[in-house]
């Protein structure tokens, strides 16, 4: 169970909240407590910094779709067998 935000956070508390901090799901006071703990705790700073960097990198890569070759759609469609046309499609 997660401790109330009014108590100092333990390393386990920080790990429990890290994902929520990254997703913007925690109130500002809890985010401040997590960040304060990360600033003071070397172990959490190393782990938290790695996780934060990894999540930021993944989000950045997912935000930009990979380039598609100009003839990609034509090549895919050329490999898809034609479906028989029905009266509804004509």
Provide the packing ranking of 52-58, 15-21, 27-33, 72-78, i.e. peptides ordered by the mean count of other C-beta atoms within 10 Å per residue, highest first.
-> 15-21, 27-33, 52-58, 72-78
Under the definition of Cα pairs under 8 Å and six or more residues apart, what whole-number percent is the relative contact order of the chain?
-> 22 percent
Give me the angle, in degrees from 0 to 90, between the Cα long axis of helix 42-63 and the longest principal axis of the Cα atoms of the chain, rounded to the nearest 10.
-> 20 degrees
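Quick note: the coordinates plus some simple rules give every number you see, no bench work behind them. Bear in mind that the values here come from a model prediction, so they are computed numbers and not experimental data. Virtual Cβ from ideal backbone geometry, glycine too; neighbours counted across all protein chains shown.
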